[in-house]
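Accompanying notes for the structure given below.
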Amino acid sequence: MGKRTIVPFGPQHPALPEPVHLDLELEDETVVRAIPSIGYVHRGLEKLAEKRDYNDMIYVMERVCGICSFGHGWGYAGAVEGLMGVRIPDRAECLRVMFHELSRVHSHLLWLGLLADGLGFDSLFMHCWRIREKVLDVFEAITGGRVIMSFCKVGGVRKDLTPEMLKMVKDTCDMIEDEMRKTALVFMKDSSVRNRLCGTGVLTKEDVIDLCAVGPVARGSGVNNDVRTTSEMYRSLGFEPILYDEGDCWSRCMVRVDEIMQSLDIIRNAIANLPEGDVSVPVKGNAPVGDFMFRVEQPRGEAFYYVQGNGTKNLSRARVRTPTNINIPAMTKMLQGCNLQDVSMLVITIDPCISCTER
Amino acid sequence: MTENTQTFETATPEEVPAIAERLKGEGYRMVQICGVTKTGCTEVLYSFDRDFSVRNFKVDVPFGTPVKSITPWYWAAFVYENEVHDLFDVEFTDSRLDYKGNFFRMSRKTPWKGKEAEETKEGA
Amino acid sequence: MAVMKFGGRLLRNLFSKPATKMYPVVPREYPERSRGHIEFDPTACITCNICGKKCPTHAITIDKAARTMTIDRMNCIQCGYCAESCPKKCITIVPGYTAPDAQKVSETFQIPEKPKEQA
């Protein structure tokens, strides 16, 4: 048994682009314990809900995170709509599903790129990001923003899509599917990737349930807590939760690869079955006294939104709980017993977004 | 994503550990803990999920009253408990992982804590 | 075997054009709906100040007495909420981003007096 050493890791670390600090307790090269520490970039966006009209607040909420900006907009809008008792048109709901799945495609492609970068396969990283760029171009053409889309609003979505735009989305989906079939093969079969991913950072089903993990981290260990399962819109568009049982880095990677493929199918189904009608309903008046919670399955996992109205135009509380927040405990469990060189890669496999976590 | 199955219940600070123990036994997953700024107290909201239906417990914690931590049952709760402690000044006792106010690095201590209750008490 | 998973892609890359553009030489083309900056038409403005109240970053200030409208270009987050809520549709959001600058740039428009307007 070797001597225990504590190695500080982050918040500024060349291998990890997130402001998270880990105190790694090492025995020789093996991590025995990891204590996470966040709080370097706390912004207090939630507090602005007390000063902002609930309609304006969505532009603040979208800026919680750059990658899942659409999901945050939807989550907040959904919570306020629930509080106000507004039912949005089916077309708006379907468009939201479509854009959310497009966000999932680009987020997972970004993650696959980061993973490839983390395990030292840099040309694969560039290819993943090249494919991702096409999704961002679609976003810019339709919503006007590449990253912050400002497409969702309380009561629906802001703009309707023209038939040409729908065709553009469909063509992009076909293109990405074609590219992904080739790229996914590298993640699935390439020996250098598999050697690095298979069997590292194993999280058993019991660990996941005990540590309340969500998203691809949970689904990679065979636990389904995908909130899309309960959504009628998603079920009608052919959604099935994707589960892998191994619980290692490779199965978490495969969950995301398969989700990209499934999301592309959902988007195409959504285009084919897009209901006619308005894309938004006006939402006016004061928010009633009451509470409402809403959950959205973001690319990284389940995000929780809670709003509390107090009878004025402002909300007394808007709470966002991002998926990374709840996956941090699972990450510390994953790090126990791993090799020091794998730490940055294991942290990446939960798809951390620390700035989201601290809002 | 439609969200029809949610309930809001109220509880007292003393009941919190018993609720956590019971729900853990029934197979609930902890979703989150958050604080809400109130006058004279902090409302702490505990959310638990099983089979996609969520039970929320609202706990009014008066200033200065400690709450027992639920980390013995849900270890992952340390993230939220430290967050609520740093932002709202609610003390959690018997925590399995306590950062003692060093979880968030902020320029001001407990920025989201509500106002003291004296004024409203006299008015009411 | 394993090497060839990526080999085809690499070979194709050798003989295809780069995915990136030669940016300063080939300028970026913005799509029609791109939200770059807001444009203001002073002749239609009724100084109602709805845009100023709605703006999430308070980038727009309307001075009713002096009849001016000021846009703080560096504070604007291009959400397009002002353009959406303007009752006279005198604010539009158009492609093309504000150029980076060492100082904060703001622009002031003089709103002409309208004969019919009482306020």
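Points to keep in mind about this one:
- Qualifying positions in the range B:65-111 - aromatic (Phe, Trp, Tyr), in contact with a strand residue (DSSP E or B) (Cβ under 7 Å, 6 or more places away or on another chain) and within 12 Å of chain A (Cβ to nearest Cβ): B:74, B:80, B:88
- Single residue of A:332, A:322 found to be over 15 Å from residue A:300 (Cα atoms) and at pLDDT 85 or above: A:332
- Evaluation of residue B:57 against the conditions (1) under 30 Å from residue A:236 (Cα atoms); (2) more than 11 Å from every other protein chain (Cβ to nearest Cβ); (3) not polar (S, T, N, Q) shows that the sole unmet condition is (1).
- Residue in the range B:75-87 that is among the hydrophobic types (A, V, I, L, M, F, W, C) and more than 13 Å from the chain's Cα centre (by Cα) present: yes
For (1) within 13 Å of chain C (Cβ to nearest Cβ); (2) surrounded by 20 or more Cβ atoms within 10 Å (Cβ to Cβ), each residue gets a yes or a no:
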position: A:150; (1), (2): yes, yes
position: A:168; (1), (2): yes, no
position: A:174; (1), (2): no, no
position: A:181; (1), (2): yes, no
position: A:187; (1), (2): yes, yes
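- The residue that is surrounded by the most Cβ atoms within 10 Å (Cβ to Cβ), among those in the range A:210-246 that are within 9 Å of chain B (Cβ to nearest Cβ) and among the polar types (S, T, N, Q), is A:225.
- Checked against (1) modelled with pLDDT of 85 or more; (2) under 21 Å from residue A:34 (Cα atoms); (3) out of contact with any helix residue (DSSP H, G or I) (no Cβ under 7 Å at 6 or more places or on another chain), residue A:327 passes all but condition (3).
- Residue A:91 vs. criteria more than 11 Å from every other protein chain (Cβ to nearest Cβ), of a type in the set (Lys, Arg), over 25 Å from residue A:343 (Cβ atoms) and surrounded by fewer than 20 Cβ atoms within 10 Å (Cβ to Cβ): yes
- Considering A:133, A:140, the condition of being within 14 Å of chain C (Cβ to nearest Cβ), surrounded by fewer than 23 Cβ atoms within 10 Å (Cβ to Cβ) and within 24 Å of residue A:257 (Cβ to Cβ) is satisfied by A:133 alone.
- Residues considered: C:83, C:99, C:65. Of these, the only one that is exposed (fewer than 14 other Cβ atoms within 10 Å of the Cβ) and under 12 Å from the mean Cα position of the chain (by Cα) is C:99.
Results for (1) out of contact with any Cys (no Cβ under 7 Å at 6 or more places or on another chain); (2) on the phi > 0 side of the Ramachandran plot; (3) more than 11 Å from chain A (Cβ to nearest Cβ), shown as yes or no for each residue.
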position: B:8; (1), (2), (3): yes, no, no
position: B:14; (1), (2), (3): yes, no, yes
position: B:19; (1), (2), (3): yes, no, yes
position: B:27; (1), (2), (3): yes, yes, no
position: B:31; (1), (2), (3): yes, no, no
position: B:41; (1), (2), (3): yes, no, yes
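- All helices (runs of 4 or more DSSP H) inside the range A:271-359 with 1 or more residues being surrounded by fewer than 24 Cβ atoms within 10 Å (Cβ to Cβ) and within 14 Å of chain B (Cβ to nearest Cβ): A:323-335, A:354-358
The values are calculated or read from the model by the stated rules, or taken from the named source; none is laboratory data. Treat the numbers as computed from the prediction; the structure is a model and nothing was measured. Cβ atoms come from the backbone with ideal geometry, glycine included; neighbour counts cover every protein chain shown.
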